[in-house]
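Contents: one structure, followed by commentary.
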Amino acid sequence: MPTYTLFVNQKKQLVEVEADTPLLWVLRETLGLTGTKYGCGQGLCGSCTVLLDGEAVRACTLSVEDAADKQITTIEGITAEKEHPLLQAWLEEEVSQCGYCQPGQILSAAALLNAKPHPTDQEIDDAMSGVLCRCGTYPRIRKAIHRAAQRKGGGR
Amino acid sequence: MKRRMHINRREFLQVLGAGGAGLTLGVFRLAPAQTQEGSGVFKPNEFLSIDPDGTVTIWVARSELGQGARTAVPMMVAEELDADWEKIRIMPALAHPSKYGSMQTGGSTTVRRGWEPLRKAGATAREMLITAAAQTWGVERATCRTENGIVYHIPSGRTLTYGELAGAAAALPVPAEVKLKDAKDYKIIGKQKARLDTPDKLSGKALFGFDFMLPGLAVAAIAHPPVLGGTVKSWDGSATKQLKGVKEIVQVPHGIAVIADSVWAALQGRDQLKVEWHKGENANLDSAAIEQYFLEKSREQGALVRTEGDAAAALSAAAKHITAQYHVPFISHSPMEPMNCVADVQSDRVEIWAPTQNPQWVQRMAAEVTGLALEKVFVNTTLSGGGFGRRLMVDYAEEAVDLSMRLKAPVKVIWSREDDLQHGYFRPGSYHALEGAVDDQHRITAWKHRIVAPSISAQLFPGQERRGNPDLVDGAAQVPYRLGIIAIDYVMANTALPVTWLRSVYNSANAFVNESFLDELAHAAGRDPLALRLELLPAESRLRGALQLAAEKAGWGEALPRGRGRGIACHACFGSYAAHVAEVTVTPEGRLSVNRVVCAIDCGQAVHPEGVRQQMEGAVVFSLSGAMREAITLQNGSVVQQNFDTYDLLRIHETPAIEVYIVDSTLAPGGVGEPGVPPVAPALCNAICAATGIRVRRLPLSANDLAWS
């Protein structure tokens, strides 16, 4: 089996898996990072969203081969950053209910704020529409992203 | 093939059967817990303990599905304990047949059924801590008070913490009667508290069932029969066996299980499996046939559930005789975390880790399947990534127990999203025929409703039919208006499609029909839908307050241009009273946007108000999703929908602004998880009618052309 070099949350990891193994299962089963969730396996629900070189990707349909040698950020990487503005905003808005999709929501929001530090509602909707939440936390997600954007911008 | 149920209907009815009013429940008594002598730990009952360091542990016997059980339950205990909220730690309770009472998380019962026993559990401990302090100081109990985990001797100002008193309190007898606080003295109930489960959920540390691992744990994916009720004819696993990571292939009662060392290998192995199926008797069943069957059943003699006056005479004498037929589809719960369960069956014990709403049923199932005694079955309830009723069923847990027995090793059964949609249990579809009469004084003079639907109870518990009205009339029989002449009847129409309880159960369909048809009658009578409802509701109805609050906040009555409209609807169930106003825009081409939904709920005392708001917001999204586009359909005996491409849920860009208002109340709490659901679909469809003149009588909305000119 081939070996791949992954940079997960700024840590170099060597994994020996088949080339077509989805990154989702490498993260969860090879590296034990279970914060990234399985929801559909087809890139339809976004529960498995991670950052690949800063952009939101669906880990369930991305092969390990295509993720190799790139910077991967998972929810565990976001958490490692003390008082991450997104986590603070998610806490303050009490976004989470069951919580299963929230890692995917937070990573999608991180990609959005990387690209657009002060997104409009429309931009939030465009960027976040790929991530399903059955508990219906969408209105709070919108508020939390605005809140995080303000915090990042120095509390304006 | 029918699955066994492992529980009888009567046991279920205690919590779930009657959709709200008039449940008969045994009075649950607090049993003194066993405490280890000399440990210094104070455990006056099964719900809480206090360690010498002051940590208060609260056992939560209801599942955390996202609805906030693991916050609302400790709030009720901590209030009467006068605990320091910062010292609260929660423990999910292991399944036990009796010591916590019912552990089923269904019927919106966590708070309303916990209200008495959980507060008493806290108050009992507090009484004993005061006694321990008074004895330590040699003072009268009446000269002591408690606050924030500390007993104070008022005259001297001396203090002892609950931790310091734990050892002494543990030696005291448990009082039989305790006094509970007045609502005006609450410091925790009804106040803002951060959810206790949130930090781990945001960090990715929270362990859902899908995340649970044991060393060397085998993972199984099961190929289920694509046709409902199908069985295995033959199979060829040669391609599967060549895959790395695949360990074994085993025929099981409901298909072929691929056992592997990872989820990915199990799913791949299943894809490579070649199975020939006996299709069985449902091979030609499809949704059109089910709809036709409902129509045929609707022409049979209905069984009356409620009759007041002579409906036939009133209808024939009416100035306007309105008739309408409504169609409600089967829909799926689709929680984000698919079904899964870990089981470890050994010769003398079973341990299970499951995201379940029903640990006691899992326990009983495992005891029956393995032949072990109940007390040898240990069921750990993990976090659930949503539930909505699906996890009241134990089918997926039974697969894990059965497979672990066969393999003589622990195993984790995982379902894919396709499994969840194709092999689930669904909200029953239904057909409704309505007639109404309006006289020349703009009054409603008759209401007739025939419900045709499958009975969940009849399918799950055959031969144990409920005495009196069946489940399928819940929410229809209780039409809350003084309509004068009423005739409500039903024809039970069971199908092969598996059905179960889905968030608000029959109330979602029956409230859609009731509240839409009332709107039709209001239009026919030339009456304002809000004014008519207020006129027809009895003076004591708690729906009035909810309706008025929602209407006021939504700006009911303010003019809107054509193509925009407001709709109102209300419904009472599970002990609470909800009203919603939806505001929509429909373009002439028929494109719908839901702009705003204003919700009001009278749930009695709101224990965790932020949790109530979350549940109401969630209910709006959940039921807009259902009303706008969800439908499970059958073709040649197979569920057509496979994944979120063909069963798409509401997404953020379609979600309206949602406002929630809670009616101020100190009455005993009602349910909150479900009551917000039923009024959404009718409020939405009434708004569409106000905007366009188009009356939606068939859900989902995607089956309707909303173009207008």
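The values are calculated or read from the model by the stated rules, or taken from the named source; none is laboratory data. Not measured: the values here are computed from a predicted model. Don't worry about glycine lacking a Cβ; one is built from the backbone with ideal geometry, like all the others, and counts go over all protein chains shown.
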Please list, ordered by first then second residue, the pairs with beta carbon atoms under 7 Å, 6 or more apart or interchain, first in segment B:591-617 and under 19 Å from B:Glu552 (Cα atoms), second in a strand (DSSP E or B) and charged (D, E, K, R).
B:Asn595/B:Glu583; B:Arg596/B:Glu583; B:Val598/B:Glu659; B:Cys599/B:Glu659
Set B:Glu520, B:Glu558, B:Glu535, B:Glu540: member being under 21 Å from B:Ile694 (Cβ atoms) and either in a helix (DSSP H, G or I) or at pLDDT 95 or above (or both):
B:Glu520
Considering only residues of segment A:33-69 that are out of contact with any Gly (no Cβ under 6 Å at 6 or more places or on another chain) and among the polar types (S, T, N, Q), which is nearest to B:Phe210 (Cα to Cα)?
A:Thr34
Quick one: would you say B:Gly670 is touching a Ser or Thr at 6+ places or on another chain (Cβ under 6 Å) and either assigned to a loop (DSSP other than H, G, I, E, B) or surrounded by fewer than 19 Cβ atoms within 10 Å (Cβ to Cβ) (or both)?
yes
Quick one: in segment B:47-80, of everything that is within 14 Å of another protein chain (Cβ to nearest Cβ) and of a type in the set (Ser, Thr, Tyr), which residue is nearest to B:Val151 (Cα to Cα)?
B:Thr71
Filtering segment B:40-88 down to residues that are farther than 30 Å from B:Val677 by Cβ and part of a loop (DSSP other than H, G, I, E, B) yields B:Gly40, B:Val41, B:Glu46, B:Asp51, B:Pro52, B:Asp53, B:Gly54, B:Thr55, B:Asp82, B:Ala83, B:Asp84
Being surrounded by 22 or more Cβ atoms within 10 Å (Cβ to Cβ), under 20 Å from B:Glu64 (Cβ atoms), more than 7 Å from every other protein chain (Cβ to nearest Cβ) and of a type outside the set (D, E, K, R), is that true of even one residue in segment A:84-91?
no
Looking at (1) part of a helix (DSSP H, G or I); (2) under 14 Å from B:Gly670 (Cα atoms); (3) not β-branched (Val, Ile, Thr), which is the only condition B:Gly106 fails?
(1)
Subset of segment B:443-459 (residues that are surrounded by fewer than 23 Cβ atoms within 10 Å (Cβ to Cβ) and either touching a Cys at 6+ places or on another chain (Cβ under 9 Å) or among the aliphatic types (A, V, I, L, M) (or both))
B:Ala458
Any residue at all in segment B:118-126 that is more than 17 Å from B:Gln360 (Cα to Cα), more than 25 Å from the chain's Cα centre (by Cα) and without any contact (Cβ under 8 Å) to a residue 60 or more places away in the chain?
yes
Of the residues in segment B:383-412, those that are closer than 27 Å to B:Val250 by Cα and within 14 Å of chain A (Cβ to nearest Cβ) number 3
Quick one: in segment B:57-75, which of the residues that are in contact with a Phe, Trp or Tyr (Cβ under 7 Å, 6 or more places away or on another chain) and among the aliphatic types (A, V, I, L, M) is nearest to A:Cys101 (Cα to Cα)?
B:Ala61
Inside segment B:251-285, can you point out the residues that are loosely packed, with under 15 Cβ neighbours inside 10 Å and within 14 Å of chain A (Cβ to nearest Cβ)?
B:Asp271
Return yes or no: is B:Ser625 within 18 Å of B:Leu502 (Cα to Cα) and of a type in the set (S, T, N, Q)?
yes
What's the number of the only condition in (1) within 11 Å of chain B (Cβ to nearest Cβ); (2) at pLDDT 95 or above; (3) part of a loop (DSSP other than H, G, I, E, B) that A:Trp25 fails to meet?
(3)
Filter pass, A:Gly39 being outside the structural domain of A:Ala110 (by TED's automatic domain parsing), under 18 Å from A:Ser108 (Cβ atoms) and either within 11 Å of the chain's Cα centre (by Cα) or crowded, with 21+ Cβ neighbours inside 10 Å (or both):
yes
Only one of these is assigned to a helix (DSSP H, G or I), crowded, with 24+ Cβ neighbours inside 10 Å and more than 7 Å from chain B (Cβ to nearest Cβ): A:Ile141, A:Ile145, A:Ile72. Name it.
A:Ile145
Restricted to segment A:108-128 and to residues being under 23 Å from A:Lys37 (Cβ atoms), facing chain B (nearest Cβ under 9 Å) and out of contact with any Leu (no Cβ under 8 Å at 6 or more places or on another chain), the residue surrounded by the fewest Cβ atoms within 10 Å (Cβ to Cβ) is A:Asp126
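Table: residues versus (1) within 14 Å of chain A (Cβ to nearest Cβ); (2) on the phi > 0 side of the Ramachandran plot; (3) over 36 Å from the mean Cα position of the chain (by Cα).
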| position | (1), (2), (3) |
| --- | --- |
| B:Gly216 | yes, yes, no |
| B:Val227 | no, no, no |
| B:Lys241 | no, no, yes |
| B:Ile249 | no, no, no |
With the checklist (1) over 22 Å from A:Pro22 (Cα atoms); (2) more than 8 Å from every other protein chain (Cβ to nearest Cβ) in hand, flag the one item A:Arg134 doesn't pass.
(2)
Members of segment B:621-674 found to be at the interface with chain A (Cβ under 10 Å from one of its Cβ atoms) and of a type in the set (Lys, Arg), listed by number
B:Arg651
Given the residues A:Val64, A:Val15, which is the only one that is touching a Phe, Trp or Tyr at 6+ places or on another chain (Cβ under 6 Å), among the β-branched types (Val, Ile, Thr) and surrounded by fewer than 22 Cβ atoms within 10 Å (Cβ to Cβ)?
A:Val15
Can you report the number of residues in segment B:603-617 which are at the interface with chain A (Cβ under 9 Å from one of its Cβ atoms) and farther than 15 Å from B:Ala657 by Cβ?
4
Those residues of segment B:621-637 which are touching a Gly at 6+ places or on another chain (Cβ under 9 Å) and either farther than 18 Å from A:Gly46 by Cβ or touching a residue at least 60 places away in the same chain (Cβ under 8 Å) (or both), in sequence order:
B:Phe622, B:Ser623, B:Leu624, B:Ala631, B:Ile632, B:Gly637
Any residue in segment B:307-319 that is closer than 8 Å to B:Ala446 by Cβ sitting within a Cβ distance under 7 Å of a residue that is among the acidic types (Asp, Glu)? List the pairs, counting only those 6 or more apart or interchain.
B:Leu315/B:Glu435; B:Ala318/B:Asp439
Pick out the one residue from B:Glu164, B:Glu140 that is more than 35 Å from the chain's Cα centre (by Cα), farther than 22 Å from B:Arg89 by Cβ and charged (D, E, K, R).
B:Glu140
Among the helices (runs of 4 or more DSSP H) lying completely within segment B:146-245, list those that include at least 1 residues that are surrounded by 15 or more Cβ atoms within 10 Å (Cβ to Cβ), in the same structural domain as B:Lys87 (by TED's automatic domain parsing) and aliphatic (A, V, I, L, M).
B:162-170
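Please find, among B:Ala657, B:Ala627, B:Ala668, the residue that is out of contact with any Cys (no Cβ under 9 Å at 6 or more places or on another chain), closer than 30 Å to A:Asp126 by Cα and of a type in the set (Gly, Ala, Ser). Let's see the steps before the verdict.
Numbers: B:Ala627 fails: out of contact with any Cys (no Cβ under 9 Å at 6 or more places or on another chain); B:Ala668 fails: closer than 30 Å to A:Asp126 by Cα.
One residue alone meets the criteria, B:Ala657.
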